[in-house]
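See below for the structure under consideration.
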Amino acid sequence: RDMTPSLVALCGFAAWTMLLVFSLAGVRMLTTARTGKALNTFQADGADLEGFGRRLTRAHLNCVEFLPVAGAVILSAAVSGRADVTDGLAMPLLFARLGQSLVHLASTAPAMVLARASLFLVQLAIVATWIVRLLG
């Protein structure tokens with residue numbers, strides 16, 4: 001069975017989330033090597049990291065928070081034979097997620113926060129549209 005665009009996007013979202021967590025592990029290991037901070041003492045929200053490390057933590061957690069929502073809707077469409085509902089906007093959803101993360105990694109300046117929020121609103125609108133179409 002071929003992968004639909006929706007399932008490709010879902011796998012891409014999962015792969016991106018994994019890349020961020022591996023990157024975060026690397027940042028934490030480098031911090032440990034540089035400062036002697038024990039690996040088991042890092043705060044889950046990244047509050048004890050500075051700059052890029054904190055932004056990376058938050059970008060990863062943003063993915064972890066939204067992946068189950070988007071994934072549940074994409075999988076619901078796939079298993080019900082309604083992938084046509086999600087296929088058209090699946091890749092734009094993935095690109096908006098990648099963009100949101102990259103903007104988050106780059107800066108927390110007000111303009112960047114606005115850009116990040118806009119990209120997240122795009123994702124919310126896409127998934128909300130899918131839910132309405134699937135349940136309607």
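The values are calculated or read from the model by the stated rules, or taken from the named source; none is laboratory data. Just so we're clear, the structure is a prediction, and the values are computed from it rather than from any experiment. Here the Cβ positions follow ideal geometry from the backbone for every residue, glycine too, while neighbour counts run over all protein chains shown. Accessible surface is based on the protein model in full, side chains and every heavy atom, while ligands, DNA and RNA are left aside. Shrake-Rupley method; radii C 1.70, N 1.55, O 1.52, S 1.80 Å.
Per-structure values
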{"item": "Criterion: over 22 Å from Leu121 (Cβ atoms) and either among the hydrophobic types (A, V, I, L, M, F, W, C) or within 17 Å of the chain's Cα centre (by Cα) (or both) - qualifying residue of Phe13, Phe66, Phe42", "result": "Phe42"}
{"item": "Considering residues of the range 73-127 that are open to solvent by 50 Å² or more (accessible area, probe 1.4 Å) and among the polar types (S, T, N, Q) only, the residue nearest to Leu56 (Cα to Cα)", "result": "Thr108"}
{"item": "Residue match in the range 35-42 (condition: at pLDDT 95 or above and open to solvent by less than 40 Å² (accessible area, probe 1.4 Å))", "result": "yes"}
{"item": "Scan of the range 1-23 for residues that are part of a helix (DSSP H, G or I) and polar (S, T, N, Q), ordered by number", "result": "Ser6, Thr17, Ser23"}
{"item": "Candidates Glu65, Glu50, filtered to the one that is out of contact with any Gly (no Cβ under 9 Å at 6 or more places or on another chain), open to solvent by 70 Å² or more (accessible area, probe 1.4 Å) and at pLDDT 95 or above", "result": "Glu65"}
{"item": "Residues located in the range 24-41, provided they are in contact with a helix residue (DSSP H, G or I) (Cβ under 7 Å, 6 or more places away or on another chain), in a helix (DSSP H, G or I) and either under 22 Å from Leu93 (Cα atoms) or charged (D, E, K, R) (or both)", "result": "Arg28"}
{"item": "Given (1) of a type in the set (Gly, Ala, Ser); (2) out of contact with any helix residue (DSSP H, G or I) (no Cβ under 6 Å at 6 or more places or on another chain); (3) in a loop (DSSP other than H, G, I, E, B), index of the condition Gly46 fails", "result": "(2)"}
